[in-house]
Amino acid sequence: MKKSILLIATFALATLFSGCELYNRGNNDLPPVDPYMVEFEASYLNGDYYGDYYNIGKGNYYIYLSDKGITEEGELLPHGNYYILDITSSLTNYHNETVQIPSGTYTLDKDNSFDHRSFSQERSMYVATDANGEVFKCEYFDSANMSIHVDGIVLTAEIGDYTHIVTYNHSPRVRNRGENGVHSTLCGDLSLALDDHTLYYYPCGDYYTTGINNWLLFLWPNSGEGDIVQFDVMTTKDGNDSFYGEYKIGSTGNEWSFLKGVLTIEENESYMDGSWYYTSDYTDFAPFAGGVLKIFNNSDNTATVTFEVVDDAGNSITSSWRGAVSLLQ
């Protein structure tokens with residue numbers, strides 16, 4: 001993502017006029033100002049590591065260098081300058097919440113070839129936002145190179161007649177959203193109100209070939225919009241045709257367990273397998289990494305579901321629901 005021109009250009013012009021005036025008055029100690037040089041020090045680095053998102057055996061890092069930062073929802077802020085970089089580099093196996101972008105020299109990838117230590121010309125750019133946070137300028141790099149080290153980033157990019165030199169003087173770390181990373185978008189604990197929901201179930205049989213029956217369960221909003229809870233549960237090895245019972249986090253080989261949420265990436269498509277919370281518009285989502293689930297069959301043909309789980313960022317997600325049950329068609 002990217003932003004950086006109107007404010008920078010205004011500052012550069014003011015500096016130019018002031019500098020020329022002093023220089024013409026005989027102050028020859030001042031160097032001449034290059035009107036086509038934009039020097040920008042980024043105050044913020046926001047971004048994510050997506051692992052082998054493109055199925056090329058290399059790591060994808062998508063970052064924003066800016067003077068404003070971005071919102072929790074990933075939106076750009078008003079009057080901002082953003083340099084957006086889609087970087088290809090090494091894979092990382094770290095399970096940490098954040099990872100550092102690998103050090104080295106990076107070049108602009110004009111052929112979309114995903115070369116190691118490159119950044120895509122198609123998806124790297126500079127953008128500026130207006131007073132409403134809307135993009136009013138978007139410019140792609142004609143040529144560029146970048147140096148990344150443990151203490152910062154230096155980007156040099158040619159855009160038309162202008163040379164942009166962008167620096168970030170802090171450790172270049174991003175959120176880890178690779179297969180081993182953190183995927184939750186939640187910023188704290190969450191207590192869900194699921195009053196206007198239906199519990200849908202789907203029997204999958206011995207789907208995982210472990211001899212244990214598997215069921216998919218969804219607490220789905222009746223309006224089709226709102227909070228959704230998904231549980232992937234294992235019941236028993238016998239002929240049990242019911243999903244009612246008590247579960248804890250486990251694996252496909254454990255009876256009475258629910259499976260942790262994982263993000264599966266296939267052919268550039270992402271799938272939320274296992275057990276998750278998410279909104280119908282996918283604004284927020286969180287994979288379940290631990291906890292307990294209880295499902296009771298009531299005498300009035302309804303069910304009661306209670307759960308206390310944690311996501312992969314350590315946030316608590318809780319709810320208690322009672323309502324109608326329906327087979328997922």
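Descriptive notes on the structure:
- Isotropically averaged projected area of the range 69-192, using the convex hull of Cα atoms (one quarter of hull area), nm²: 9.5 nm²
- For the range 45-69 versus the range 280-320, the spacing of their alpha-carbon centroids is 30 Å.
- In this structure, N96 and M37 have a Cβ-Cβ separation that, at R0 = 41 Å, corresponds to a calculated FRET efficiency of about 0.65.
- Accessible surface computed residue by residue for the chain, with neighbouring protein chains in place and a 1.4 Å probe, gives 51 Å² per residue.
- Computed from Cα positions, the angle between helix 6-24 and the longest principal axis of the chain comes to roughly 20 degrees.
- Order of exposure, largest accessible area first, which applies to C204, C187 with probe 1.4 Å: C187, C204
- Here r is the Cβ-Cβ distance between T236 and F114 and R0 is 41 Å; the resulting FRET efficiency, rounded to 0.05, is 0.35.
- Working from Cα pairs under 8 Å separated by at least six residues, relative contact order for the range 103-159 is 32 percent.
- Area of E225 that stays accessible when all protein chains are in place (1.4 Å probe, Å², to 10): 140 Å²
- Accessible-area ranking of D67, D311, largest first, probe 1.4 Å: D67, D311
- Mean projected area in nm² (Cα convex hull; one quarter of hull surface) for the range 244-314: 6.3 nm²
- DSSP beta bridge pairing in the chain, given as percent antiparallel to the nearest 5: 85 percent
- The range 180-329, relative contact order [Cα under 8 Å, separation at least 6], %: 26 percent
- For T302, the accessible surface of its heavy atoms amounts to roughly 30 Å² (probe 1.4 Å, protein chains only, rounded to the nearest 10).
- Lys pairs under 12 Å by Cα in the chain, provided they are eight or more residues apart or on distinct chains: 6
- Within the range 189-329, DSSP assigns beta bridges of which about 85% are antiparallel (rounded to the nearest 5).
- With every protein chain in place, the range 137-204: carbon and sulfur % of accessible area (1.4 Å): 45 percent
- Overall dimensions of the range 42-115 by Cα: Rg and Dmax, Å: 13.3, 38
- For Kirkwood radius over Cα pairs in Å, calculated from these coordinates, the label among (i) 22.8; (ii) 20.9; (iii) 25.6: (i)
- Working from Cα pairs under 8 Å separated by at least six residues, relative contact order for the chain is 13 percent.
- Here H149 sits with roughly 80 square angstrom of accessible surface, probe radius 1.4 Å.
The values are calculated or read from the model by the stated rules, or taken from the named source; none is laboratory data. Small disclaimer: the values here were computed from a predicted structure and weren't measured. Glycine gets a Cβ as well: all are built from the backbone with ideal geometry, and neighbour counts include every protein chain shown. Each accessible area value is taken on the protein alone, full model and side chains, heavy atoms only, with ligands, DNA and RNA left out. Shrake-Rupley method; radii C 1.70, N 1.55, O 1.52, S 1.80 Å.
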